[in-house]
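The structure under discussion appears below in the form of structure tokens.
The values are calculated or read from the model by the stated rules, or taken from the named source; none is laboratory data. Small disclaimer: the values here were computed from a predicted structure and weren't measured. Note: ideal-geometry Cβ built from the backbone for every residue, glycine included; neighbour counts use all protein chains shown.
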């Protein structure tokens, strides 16, 4: 009886060992993710102007006010267009760049370092530099266009071009960053698989379709999901370059939430909009995970 009891006790303790290792990560997750989200939801139920002392419980009125606001619906449409274009674009370009960087040619390490230069620069500095380069009158990009006999472009000053310019700037930073993950995934694929496929007469496209893509499925899912979250909560480039303009053409939901809270002083509506954005991000991540999950998952 004593031996059985000791053995049962050891099994019980061993069952809790994995949870003990996960406990520090869960504490950090709760402190920096779950608790702020719950606090934001609580703030969304109150109305106050930057003063937590003078606030009134309004329930779901902040959400109702946002849904009645046409600016919110325009910002939502702009955010969806931005995400639906940026996320697949960055993922595809990052995968293509990783394939090029994975080639075994002389000097490839130098090219990999050059590709990663945009990553080591702060997004704030990057946005400022691109703002100078794209200036309509004094920018280098327009100077090059003039030398080529092409007309100057307004870029960030045009309602038709501003959003696409932001997409280009973000992709310039994001593509080499996500390339690192794809490059690690490519280098983890056994070379013997490609050698066996070549012996069977498979071409480059067949190897890419039947070997590379299936084995990179989890990496693609990780990159696409992470990129979706990052771009949905994008703030710095919009604030530095356009302030949501011109004519609200770059007024993403994240910037709109900031403007409502810290420019207009409506913290309740700002918190409500952040909760809506959080729900949109959760739905997008869930859909992408269900579509890209492997059979084992």
Going by the conditions given, is residue 248 in contact (Cβ under 8 Å) with a residue 40 or more places away in the chain and either surrounded by fewer than 20 Cβ atoms within 10 Å (Cβ to Cβ) or under 15 Å from residue 72 (Cα atoms) (or both)?
yes
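Kindly indicate whether residue 143 is surrounded by 17 or more Cβ atoms within 10 Å (Cβ to Cβ) and either touching a helix residue (DSSP H, G or I) at 6+ places or on another chain (Cβ under 6 Å) or assigned to a helix (DSSP H, G or I) (or both). Before the answer, list the steps.
Numbers: surrounded by 17 or more Cβ atoms within 10 Å (Cβ to Cβ): no; either touching a helix residue (DSSP H, G or I) at 6+ places or on another chain (Cβ under 6 Å) or assigned to a helix (DSSP H, G or I) (or both): yes.
No; evaluated as a whole, the condition is false for this residue.
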If I go through segment 24-46 residue by residue, how many of them are over 30 Å from residue 61 (Cβ atoms) and surrounded by 11 or more Cβ atoms within 10 Å (Cβ to Cβ)?
2
When you go through (1) modelled with pLDDT of 90 or more; (2) surrounded by 18 or more Cβ atoms within 10 Å (Cβ to Cβ); (3) under 25 Å from residue 267 (Cβ atoms) one by one for residue 74, which number turns out not to apply?
(2)
May I ask you to verify whether residue 137 is in contact (Cβ under 8 Å) with a residue 60 or more places away in the chain, at negative phi and not in a helix (DSSP H, G or I)?
no
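For every residue, the table says whether it meets (1) within 20 Å of residue 84 (Cβ to Cβ); (2) in contact with a helix residue (DSSP H, G or I) (Cβ under 9 Å, 6 or more places away or on another chain); (3) surrounded by 15 or more Cβ atoms within 10 Å (Cβ to Cβ); (4) in contact (Cβ under 8 Å) with a residue 12 or more places away in the chain.
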site: 187; (1), (2), (3), (4): no, no, no, yes
site: 194; (1), (2), (3), (4): no, yes, yes, yes
site: 211; (1), (2), (3), (4): no, yes, yes, yes
site: 216; (1), (2), (3), (4): no, yes, yes, yes
site: 267; (1), (2), (3), (4): no, yes, yes, yes
site: 275; (1), (2), (3), (4): no, yes, yes, yes
site: 279; (1), (2), (3), (4): yes, no, no, no
site: 288; (1), (2), (3), (4): yes, yes, yes, yes
site: 291; (1), (2), (3), (4): yes, yes, no, no
